[in-house]
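All remarks here apply to the structure that follows.
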Amino acid sequence: MYSPLNQNDVSLLLRLIAAHVIADFLFQRDTLTGQQFGKQWRSCGLYVHGILAGALAYAFAGFWNALWLPFVISISHVLRDALKPQEEDAARFFALDHLGHGIIILGCWILLIPGTLSDIVSFLFTCISDVRFWTVMLAYMLVIWPAGILIGKITKPWRGEIAKETPFQGLEKAGLWIGRLERVLILTFILLNHFEAIGFLIAAKSILRFGETRTPNGRKESEYILIGTMISFVIAILLGIMGRWALQYSLFVHDNNSDDIGYWDLFEI
């Protein structure tokens with residue numbers, strides 16, 4: 001079966017992404033962006049940006065016979081930037097904008113590589129059917145959502161006790177996102193066999209989150225934060241260890257299978 005993850009195909013995809021990053025971030029200055037948003041379709045900067053993005057993609061790809069490539073990339077940049085909401089500058093619009101560009105780049109990449117769309121779909125289906133893929137996916141899903149709910153239920157009595165005296169002063173849902181990110185990092189470190197990195201994360205969390213303890217209420221808040229942190233760390237470490245065991249077992253079972261996907265070697269089991 002054809003694999004689109006050979007060195008040449010991956011290199012091509014990375015070059016197309018690099019061309020997009022250079023065009024959209026390195027060469028797109030604030031003055032040019034302001035001109036695009038101010039005049040939209042009447043902006044010269046809009047078309048200069050589109051032409052530059054297409055030319056970079058064409059040059060970086062190195063497929064000189066694919067004359068359609070710079071036109072597709074240029075038109076996609078012009079259309080997406082011209083139709084972009086002028087007043088909205090939130091993270092979700094930024095993500096959706098570049099997700100759209102990513103889909104265009106991925107489509108161009110599929111047209112340029114030797115394999116057919118059917119070959120690529122078959123390859124992707126083989127990848128996501130692997131038990132190791134679902135082991136890793138399930139581990140990340142558990143540390144992000146169910147783990148956070150469990151921690152909230154365990155620490156609820158202490159949270160209510162502190163709230164009776166003084167309400168928490170802090171960013172809305174900051175603790176939720178900090179907890180999710182720390183568990184994702186811990187799980188990643190364990191799956192990649194870098195347990196030592198967890199120590200740096202603990203040190204950073206202690207410096208940033210262990211607050212003032214001179215007042216009784218300040219001490220309660222600090223103890224509450226520390227309890228939640230320790231529970232979060234324990235859950236992430238346990239899930240990471242169980243994930244490694246599952247990966248180790250699946251690698252043992254498929255050890256003699258010549259069709260094993262090379263990217264699973266990333267996990268140093």
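Where a number appears in this text, it was derived from the coordinates with a stated rule and is not lab data. If you're wondering where the values come from, they're calculated on a predicted model, not measured in any experiment. Positions of Cβ are backbone-derived with ideal geometry, glycine not excepted, and every protein chain shown enters the neighbour counts.
Placing +1 on each Lys and Arg Cβ and -1 on each Asp and Glu Cβ, with no other charges, gives the range 76-206 a dipole about its Cα centre of roughly 500 debye. Assign one of three labels to the range 51-199, namely rounded, prolate or oblate, based on the Cα gyration tensor with a ≥ b ≥ c the square roots of its eigenvalues; rounded applies when a/c is under 1.5, prolate when it is not and a/b is larger than b/c, and oblate otherwise. Since a/c reaches 1.5 but b/c is at least a/b, the shape of the range 51-199 is classed as oblate. Between ARG219 and ILE241, the FRET efficiency estimated from the beta carbon spacing at R0 = 45 angstrom works out to 0.90. Per-residue extension of 0.36 nm, minus the Cα-Cα distance of ALA174 and VAL10, leaves a gain of 55.4 nm for this segment. A Förster distance of 35 Å, applied to the separation of the beta-carbon atoms of ILE75 and SER118, puts the FRET efficiency at 0.85. Put simply, when 138-149, 180-191 are sorted by average Cβ atoms within 10 angstrom per residue, most first, you get 180-191, 138-149. Take each peptide in 49-60, 111-122, count the other Cβ atoms within 10 Å of every residue, and average; sorted highest first, the result is 49-60, 111-122. Available extension along the chain between LEU150 and PHE94 is 17.0 nm, counting 0.36 nm per residue and deducting the alpha carbon span. Other residues within the sphere of radius under 13 Å centred on the Cβ of ILE113, judged by their own Cβ, net out at -1 (K and R +1, D and E -1).
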